[in-house]
Amino acid sequence: MKNEKDIIFDQAIRTADILVKMFGAKCEVAVHDFSNLESSLIHLAGTITGREIGSPITDLVLEQLRSENVTDFANYKTTSNKGLVMKSSTVFLRDSEDTVIGALCINIDISLLIQIGGEIKDFISFADNEQSKESFHTDVHDVIETMTNQALQKYHKAPALLDTEEKIEVVRELESKGAYLIKGATEYSASVLGVSKFTIYNYLQKIRTESNFNQTQELR
């Protein structure tokens, strides 16, 4: 006879499987057992994030577990390690004593929808004069995020769908704005664009070499 915990996780696993069958290949549902946070992932339906059974709990869920009132949260934005933009929701699993024992996490890849939405927005937009914008942040990481989002806006697609030349142009714009003077900007760019930090360094070397060559030619 199954105990209460087994029944709860069995229901969560069946729910995960049926959600992916319903929403298709763009959907991934993970079931976590909090009895071992280092390898909490016990079931994964769908393959968007590239994780495997035994993967650890995510930082966002871990942060919520540390709060006094653990509550479900829905429709938040996440990005996979390959740069896919996802719409996510997390439901915490509780036993009969209201103790949080795990979580059901839903991720839906909306990268293509963002691209289509961008193309529709571009089609129905009207000519307008854009004024320079300045953002005031209290956290330097917010500065990097804002500058990166601004550099990506004109492409109307998820970062993972950019080709190599487009990614180089994003890095070029960030370089021209001084983004890489900020510690951590290289790692952040790499995570958003779905490449390694060494690839970002290669992009920067290419950009800086071209810039130095152009400056030399202008002096002649």
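Being of a type in the set (G, A, S) and more than 21 Å from K5 (Cβ to Cβ) narrows it down to one residue among S40, S55, S35, S88; which is it?
On the way: S40 fails: more than 21 Å from K5 (Cβ to Cβ); S55 fails: more than 21 Å from K5 (Cβ to Cβ); S35 fails: more than 21 Å from K5 (Cβ to Cβ).
Residue meeting the stated conditions: S88.
Is it fair to say T15 is outside the structural domain of G194 (by TED's automatic domain parsing) and assigned to a loop (DSSP other than H, G, I, E, B)? Talk me through it step by step, then tell me what you get.
Working: outside the structural domain of G194 (by TED's automatic domain parsing): yes; assigned to a loop (DSSP other than H, G, I, E, B): no.
No.
Take region 51-80 and flag every residue that is surrounded by 12 or more Cβ atoms within 10 Å (Cβ to Cβ) and either aromatic (F, W, Y) or not assigned by TED's automatic domain parsing to the domain that holds C27 (or both).
F73
Within region 39-88, can you find the residues that are of a type in the set (G, A, S), within 19 Å of L112 (Cα to Cα) and within 16 Å of the chain's Cα centre (by Cα)?
Step one: list which residues in region 39-88 are of a type in the set (G, A, S), which gives 39-40, 45-46, 50, 54-55, 67, 74, 80, 83, 88.
Still in the running and within 19 Å of L112 (Cα to Cα): 46, 50, 80, 83, 88.
Those that are of a type in the set (G, A, S), within 19 Å of L112 (Cα to Cα) and within 16 Å of the chain's Cα centre (by Cα): G50, S80, G83, S88.
Out of region 57-76, which residues are of a type outside the set (A, V, I, L, M, F, W, C) and at pLDDT 90 or above?
Our first condition is that a residue be of a type outside the set (A, V, I, L, M, F, W, C); within region 57-76, this holds for 58-59, 63-64, 66-69, 71-72, 75-76.
Hits for region 57-76 are T71, D72, N75, Y76.
Got at least one residue in region 35-56 being of a type in the set (G, A, S) and part of a helix (DSSP H, G or I)? Working first, answer last.
If we filter region 35-56 for residues that are of a type in the set (G, A, S), which is where we start, we get 35, 39-40, 45-46, 50, 54-55.
Subsequent filtering for residues that are part of a helix (DSSP H, G or I) retains 39.
Yes, region 35-56 contains at least one residue that is of a type in the set (G, A, S) and part of a helix (DSSP H, G or I).
Output the number of residues of region 87-100 satisfying the condition of being touching a residue at least 40 places away in the same chain (Cβ under 8 Å) and crowded, with 18+ Cβ neighbours inside 10 Å.
Number of matching residues: 1.
Does region 156-199 hold any residues that are β-branched (V, I, T), part of a helix (DSSP H, G or I) and either in contact with a strand residue (DSSP E or B) (Cβ under 6 Å, 6 or more places away or on another chain) or over 20 Å from V85 (Cα atoms) (or both), and which are they? Step through it out loud before you land on a result.
First, the residues of region 156-199 that are β-branched (V, I, T): 164, 168, 170-171, 182, 186, 192, 195, 199.
With part of a helix (DSSP H, G or I) added as a condition, the list becomes 164, 168, 170-171, 186, 192, 199.
Within region 156-199, T199 is the sole residue that qualifies.
Mind checking which pairs have a first residue in region 59-81 that is in contact (Cβ under 8 Å) with a residue 24 or more places away in the chain and a second that is in a helix (DSSP H, G or I), Cβ under 6 Å, 6 or more apart or different chains?
Between residues of region 59-81 that are in contact (Cβ under 8 Å) with a residue 24 or more places away in the chain and residues that are in a helix (DSSP H, G or I), the close pairs are V70/Q64.
The values are calculated or read from the model by the stated rules, or taken from the named source; none is laboratory data. All of these numbers come straight from a predicted model, not from anything done at the bench. Every residue, glycine among them, receives a Cβ derived from its backbone with ideal geometry; neighbour counts consider all protein chains shown.
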